[in-house]
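K.L.:
Below you'll find the structure I mean.
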2 protein chains.
Amino acid sequence: MTTLIDGNVHAAALRARTKARAEAFAAHHGRQPRLDVVIVGDHPASRAYVRTKTRMAHETAIDGRLIELPETVTAEALLAEIARLNADPTVDGILVQLPLPGHLDGQMMIGAIHPDKDVDGFHPLNVGKLYTATKIDPERMLIPCTPLGSLMMLHDTLGPKGLAGKAAVVVGRSNIVGKPMAQLLLANDCTVTTAHSRTGDLPAVCREADILVAAVGRPEMVRGDWIKPGAVVIDVGINRVPTEDGKGRIVGDVATAEAMGRAAHITPVPGGVGKMTVACLLHNTVVAAQARAELV
Amino acid sequence: MTTLIDGNVHAAALRARTKARAEAFAAHHGRQPRLDVVIVGDHPASRAYVRTKTRMAHETAIDGRLIELPETVTAEALLAEIARLNADPTVDGILVQLPLPGHLDGQMMIGAIHPDKDVDGFHPLNVGKLYTATKIDPERMLIPCTPLGSLMMLHDTLGPKGLAGKAAVVVGRSNIVGKPMAQLLLANDCTVTTAHSRTGDLPAVCREADILVAAVGRPEMVRGDWIKPGAVVIDVGINRVPTEDGKGRIVGDVATAEAMGRAAHITPVPGGVGKMTVACLLHNTVVAAQARAELV
């Protein structure tokens, strides 16, 4: 028996808690927590995604604003926009949607965001704090949203102490998911292996995992027989694959149908990790707002 | 046949390269690169270690200075000393020797050092840069000395591309060694497992390692039969154990005698990683001096 970890349920619960905190913040400070999302160009998937972020913000009592810049914006103009948002005391969170057009350096733009407003948790200072922390505290730190959401679902599934001593395998080593995910699992006392495209026998490595996190962006790469019976599987992939009717459909990095009956718990795609990513962004916005208010 | 990886030889070669660079820096800028080491209190082992650092600096054409503060120094006074060194344009590298007395917060003091002068590579901003870098460049980044020295010896032993695809196991998850070591191995395309005190079957995990790094600080914990035949073993431990004559002796985290005949290559203790740690500190001082000179 495999149970599905329902991202919609977990995300709705987190958003409800976040909304209550946002409302308390507004009552105390006379303004809502505010998240400004900067998007450059008109990549359709990114546009849809940032609109979801601002809509979800509004539903969570957060003042979510969208700043749309043309594909041709210069690095200087984007840096000036980030500087303006850094200086605006009513802005708590700044998110620059990635990927950026080729003439703009994503890492430079992330480094330009004030670390206290870096709700994606991608600024090197926040990355360094995450890696050196003796205790991971999502109420005091800005932790990348997808790994944070995945960790919260693991805590809910296995219990807060249920990760200790487990063998965890993270497939993928991106700065956005794989690396911070490995650090969160390590801080929760898992024995953590990071695997990737250069790993020799990837199926054999995955079969050792009590907790398997797939974050590679390759449709259904992880097959059913790569999964240790009884494992918990977190599928971070969101891949569009073609269908005969031309509409396409979304699949994860795991062949979910094959995993059913082997995994003890698995996140579906869609309806799994993706929902938690946006909910964690709103959580981080409130954390940033509260931390900034304490500093004043 | 097991060959010993001779830390003295590797460290002497690195110091020779560093000395040539330090002399070229002095010829060009009219002053030597400068490393200031701050030590608080009179812990005998720490005192001996910082004296080695400044003596080695002098032998490498680096102006190494020792700043000795009493055990009772206040946090404010230590922070003021760090601020003075941050502001002094002739100081390229600042090292605050750890551990500090209990009334001082080590992480706070590390965070107070200017990141450009943080030759230990422990400041959160430098940690974050290490974790997000697309390419690890010891000529442009300040990387923690023990993992950097270990990586250099691995490159010399296996060839610069010889780490790719290898299964690496790091035992220990400290901020000083284990975590940055894992990141360096990952960036060199190893499949990396971090194990620790909560790992279930540690011997079995170690037996999977083509590259085994022991960094736990427990004398001879890693036994011979934990080592995969043909593995490369990096022994980071420096542990003093009692002897009948009362003098004690230094052993590593690996039972070296048992490892002989199983490992293909192993670093001895003493005479292994420890020598490279100090050499890398001097390397980082010259890297910091050159980067600061470019900024002017």
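K.L.:
Going by the conditions given, is residue B:61 over 19 Å from the mean Cα position of the chain (by Cα) and open to solvent by 20 Å² or more (accessible area, probe 1.4 Å)?
P.N.:
On the way: over 19 Å from the mean Cα position of the chain (by Cα): yes; open to solvent by 20 Å² or more (accessible area, probe 1.4 Å): no.
Judged against the criteria, residue B:61 is not a match.
K.L.:
Filtering the stretch A:198-227 down to residues that are small (Gly, Ala, Ser) and in contact (Cβ under 8 Å) with a residue 12 or more places away in the chain, which residue is farthest from residue A:158 (Cα to Cα)?
P.N.:
A:217
K.L.:
State whether one or more residues within the stretch B:26-38 are open to solvent by less than 70 Å² (accessible area, probe 1.4 Å) and part of a helix (DSSP H, G or I).
P.N.:
The answer is yes, given that some residue of the stretch B:26-38 is open to solvent by less than 70 Å² (accessible area, probe 1.4 Å) and part of a helix (DSSP H, G or I).
K.L.:
Somewhere in the stretch B:46-61, is a residue over 19 Å from residue B:119 (Cβ atoms) and free of Cβ contacts under 8 Å to residues at least 24 places away in the same chain?
P.N.:
Yes, the stretch B:46-61 contains a residue that is over 19 Å from residue B:119 (Cβ atoms) and free of Cβ contacts under 8 Å to residues at least 24 places away in the same chain.
K.L.:
Another question about this same structure. Consider the stretch A:119-140. How many of its residues are assigned to a loop (DSSP other than H, G, I, E, B), within 11 Å of chain B (Cβ to nearest Cβ) and out of contact with any Pro (no Cβ under 6 Å at 6 or more places or on another chain)?
P.N.:
Result for the stretch A:119-140: 3.
K.L.:
Still on this model: Which count do you get for residues in the stretch B:85-106 that are among the small types (Gly, Ala, Ser) and within 14 Å of chain A (Cβ to nearest Cβ)? Even if it seems obvious, please write down each step before you answer.
P.N.:
Taking the stretch B:85-106 and keeping what is among the small types (Gly, Ala, Ser), we get B:87, B:93, B:102, B:106.
The next check asks that each one be within 14 Å of chain A (Cβ to nearest Cβ); those that pass are B:106.
The qualifying residues number 1.
K.L.:
Output the qualifying pairs, or none if there are none: Cβ atoms under 6 angstrom, residues six or more apart or on different chains, first residue in the stretch B:25-44 and aliphatic (A, V, I, L, M), second residue assigned to a loop (DSSP other than H, G, I, E, B) and open to solvent by less than 10 Å² (accessible area, probe 1.4 Å).
P.N.:
From residues that are aliphatic (A, V, I, L, M), the pairs are B:35/B:62.
The rows are residues; the columns are (1) at pLDDT 95 or above; (2) crowded, with 24+ Cβ neighbours inside 10 Å.
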position: B:87; (1), (2): yes, no
position: B:97; (1), (2): yes, no
position: B:103; (1), (2): yes, no
position: B:114; (1), (2): yes, no
position: B:122; (1), (2): yes, yes
position: B:134; (1), (2): no, no
position: B:138; (1), (2): yes, no
position: B:145; (1), (2): yes, yes
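K.L.:
Would you please name the residue that is farthest from the chain's Cα centre (by Cα), looking only at residues in the stretch B:197-208 that are more than 7 Å from chain A (Cβ to nearest Cβ) and open to solvent by less than 40 Å² (accessible area, probe 1.4 Å)?
P.N.:
Result: B:204.
K.L.:
If you scan the stretch B:204-234, which residues turn out to be farther than 22 Å from residue B:180 by Cα and small (Gly, Ala, Ser)?
P.N.:
Selection gives B:204, B:224, B:230.
K.L.:
Would you check if there is a residue in the stretch B:52-69 being closer than 17 Å to residue B:277 by Cβ, out of contact with any Cys (no Cβ under 8 Å at 6 or more places or on another chain) and acidic (Asp, Glu)? Give the steps one after another, and end with the answer.
P.N.:
From the stretch B:52-69, those closer than 17 Å to residue B:277 by Cβ are B:52-57, B:59-60, B:62, B:64; that's our starting set.
Checking the rest, the ones that are also out of contact with any Cys (no Cβ under 8 Å at 6 or more places or on another chain) come to B:52-57, B:59-60, B:62, B:64.
Those still in the list that are acidic (Asp, Glu) too: B:59.
Yes, there is a match, as at least one residue in the stretch B:52-69 is closer than 17 Å to residue B:277 by Cβ, out of contact with any Cys (no Cβ under 8 Å at 6 or more places or on another chain) and acidic (Asp, Glu).
K.L.:
Can you name the residue in the stretch B:161-182 that is open to solvent by 10 Å² or more (accessible area, probe 1.4 Å) and in a helix (DSSP H, G or I) and is also nearest to the other protein chains (Cβ to nearest Cβ) among such residues?
P.N.:
Here the answer is B:179.
K.L.:
Here is a follow-up. Of the residues that sit in the stretch B:266-296 and are free of Cβ contacts under 8 Å to residues at least 60 places away in the same chain and β-branched (Val, Ile, Thr), which one is farthest from residue B:95 (Cα to Cα)?
P.N.:
B:269
K.L.:
Every residue in the stretch A:234-250 that is buried (at least 19 other Cβ atoms within 10 Å of the Cβ) and not charged (D, E, K, R), please.
P.N.:
A:234, A:236, A:237, A:238
K.L.:
Somewhere in the stretch B:38-51, is a residue of a type outside the set (Phe, Trp, Tyr) and in contact with a Gly (Cβ under 8 Å, 6 or more places away or on another chain)?
P.N.:
no
K.L.:
Additional query: Of the residues that sit in the stretch A:152-183 and are in contact with a helix residue (DSSP H, G or I) (Cβ under 8 Å, 6 or more places away or on another chain) and either among the polar types (S, T, N, Q) or at pLDDT below 95 (or both), which one is nearest to residue A:236 (Cα to Cα)?
P.N.:
For the stretch A:152-183, the residue satisfying everything is A:175.
K.L.:
Kindly evaluate residue B:241 against the criterion of being touching a residue at least 24 places away in the same chain (Cβ under 8 Å) and of a type outside the set (D, E, K, R).
P.N.:
For residue B:241, the condition - touching a residue at least 24 places away in the same chain (Cβ under 8 Å) and of a type outside the set (D, E, K, R) - is not met.
K.L.:
Next question. Quick check, is residue A:162 under 30 Å from residue B:206 (Cα atoms) and of a type outside the set (D, E, K, R)? I'd like the intermediate steps shown before the answer.
P.N.:
Values: under 30 Å from residue B:206 (Cα atoms): yes; of a type outside the set (D, E, K, R): yes.
In short, yes.
K.L.:
Something else about it: Does any residue in the stretch B:107-118 that is within 9 Å of chain A (Cβ to nearest Cβ) and within 15 Å of residue B:37 (Cα to Cα) come within less than 8 Å, Cβ to Cβ, of a residue that is of a type outside the set (A, V, I, L, M) and part of a loop (DSSP other than H, G, I, E, B) six or more places away or on a different chain, and which pairs are these?
P.N.:
Cβ pairs passing all conditions: B:110/B:120; B:110/B:122; B:110/B:123.
K.L.:
Residue A:82 passes all but one of (1) without any contact (Cβ under 8 Å) to a residue 24 or more places away in the chain; (2) more than 14 Å from chain B (Cβ to nearest Cβ); (3) assigned to a helix (DSSP H, G or I); which number fails?
P.N.:
Every condition holds for residue A:82 apart from (1).
K.L.:
Being loosely packed, with under 13 Cβ neighbours inside 10 Å, out of contact with any Lys or Arg (no Cβ under 7 Å at 6 or more places or on another chain) and at pLDDT below 95 narrows it down to one of A:44, A:70, so name that one.
P.N.:
After ruling out the rest, the residue left standing is A:44.
K.L.:
Going by the conditions given, is residue A:263 open to solvent by less than 20 Å² (accessible area, probe 1.4 Å), without any contact (Cβ under 8 Å) to a residue 60 or more places away in the chain and under 22 Å from residue A:154 (Cβ atoms)?
P.N.:
no
The values are calculated or read from the model by the stated rules, or taken from the named source; none is laboratory data. Keep in mind the model is a prediction, meaning the values are calculated, not measured. For neighbour counting, all protein chains shown are included, and Cβ atoms are generated from backbone atoms with ideal geometry for every residue, glycine included. With ligands, DNA and RNA removed, areas are computed over all heavy atoms of the protein, side chains included. Shrake-Rupley method; radii C 1.70, N 1.55, O 1.52, S 1.80 Å.
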